[in-house]
1. First measure r as the distance between the Cβ atoms of residue 230 and residue 145, then evaluate 1/(1 + (r/R0)^6) with R0 = 35 Å and state the FRET efficiency to the nearest 0.05.
2. In segment 179-274, what percent of the accessible surface is made up of carbon and sulfur (1.4 Å probe, ligands and nucleic acids excluded)?
3. With every protein chain left in place, what is the accessible area per residue of segment 337-380 in square angstrom, probe 1.4 Å?
4. Which order do the peptides 214-224, 80-90 come out in when sorted by mean C-beta neighbours inside 10 angstrom, highest first?
5. Working from Cα positions, state the angle (0 to 90°, nearest 10) between the long axis of helix 374-386 and the longest principal axis of the chain.
6. In degrees from 0 to 90, rounded to the nearest 10, what is the angle of the helix 79-92 Cα long axis to the longest principal axis of the chain?
7. If I take every Cα pair under 8 Å that is 6 or more residues apart in segment 62-180, average their sequence separation and divide by the length, what percent do I get for the relative contact order?
8. Counting alpha carbon pairs within less than 8 Å and at least 6 residues apart, what relative contact order, in whole percent, applies to the chain?
Amino acid sequence: MRTDNFQAPDYYNIDELLTDEHKIVRDAAREWVKREVSPIIEDAAQKAEFPKSIISGLAEIGAFGPYIPEEYGGAGLDQISYGLIMQEIERGDSGVRSTASVQSSLVMFPIYKYGTEEQRKKYLPKLASGEFMGCFGLTEPDHGSNPGGMTTNFKDKGDHYLLNGAKMWISNAPFADIAVVWAKDENGRIHGLIVERGMEGFSTPETHNKWSLRASATGELIFDNVKVPKENLMPNKSGLGAPLGCLDSARYGIAWGAIGAAMDCYDTALRYAKERVQFDKPIAGTQLQQKKLAEMITEITKAQLMAWRLGVLKNERKATSAQISMAKRNNVEMAIKIAREARQILGGMGITGEYSIMRHMMNLESVITYEGTHDIHLLITGMDITGIPAFQ
């Protein structure tokens, strides 16, 4: 098992911007990742298995719905705390962070925001404790960046809804107890429905042969004349804005999470460069390697400041969807570039499972695409500053 010697970089003393609670929450997550994730994650990734044994630990550190009020089982924390937890989990592995992000932002968030009081009481405490795991069904085989074109639909059959369609690239799908599913009614209006495992006609085949997010369970959601009780429709918001509101929360978490992956790659490369001797001196003493390392810490610091400021805006309920898109896009691009540069510093050793870098690099190839592709986020910013949509 690999020893986790991670030391977090904080070049601009950003810790001074955090409250004591923020640091307690972050440090608890950091220590848990060192103790429970780092020793097993390389093996899990090699085997392409999600380590279900860590679910209870994720719940214990508040990773499931950290900003959900305590009355519903959440930790009642602020948005910066949520971001810091995602940062630390993704420092361990993007796939593990995906599991927590989906549970928090794409399952618990819509039930809390758009659901009934009965739905909140029924599902949220069990989701917060990890007794229930959830997934989010928006993306379809033919509708990714254009979710409004979805064909999954439901019809009113009097005492129930009849749901038909399919979703794909769904994190947590293979083992999820419930799915928050977005589908069109008979008028073409998008609504959210809570579909439970065991409902006849509902299946979740797993996606195999992934080179990325190998320690995360990905699958499809298939709905073949599924009878959904009417009380499982979330009534408080409909239209495409409802699932996009969930994506805002998830993208915010990714903006923080990607920093964690970048920090781990940087820390690994820095330590290796100091220890690896070539031509009678550590390679950290060469200009080319110092250039790489100096650029890494600069980009990490910029991303940290962006995420912190976005967290302040989120706490004040001032953060816009476009601001969140910018942070997601910037920070994931930053992380994937750092992973690639860090791999080069390690040379051939960088491709082995003895170090985390290649795993992070492969994972980030998914992170840069999901929750809005790299290009789509650029167009969101472009539309925001020009007022002209250019998605076609």
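1. Details: r = 32 Å, r/R0 = 0.90.
My answer for the efficiency is 0.65.
2. Numbers: 1610 of 3490 Å².
So the carbon and sulfur contribution to the accessible surface is 46 percent.
3. With the other protein chains kept in place, segment 337-380 gives 42 Å² per residue.
4. 80-90, 214-224
5. 80
6. 60
7. On the way: 171 pairs, mean separation 28.8, N = 119.
It rounds to 24 percent for segment 62-180.
8. Across the chain, relative contact order equals 18 percent.
The values are calculated or read from the model by the stated rules, or taken from the named source; none is laboratory data. The structure displayed is predicted, hence computed values, not measured ones. With ideal geometry, Cβ positions are generated from the backbone for all residues, glycine too; neighbour counts draw on all protein chains shown. For the accessible areas, the whole protein counts, side chains as well, though only heavy atoms, and no ligand, DNA or RNA atoms are used. Shrake-Rupley method; radii C 1.70, N 1.55, O 1.52, S 1.80 Å.
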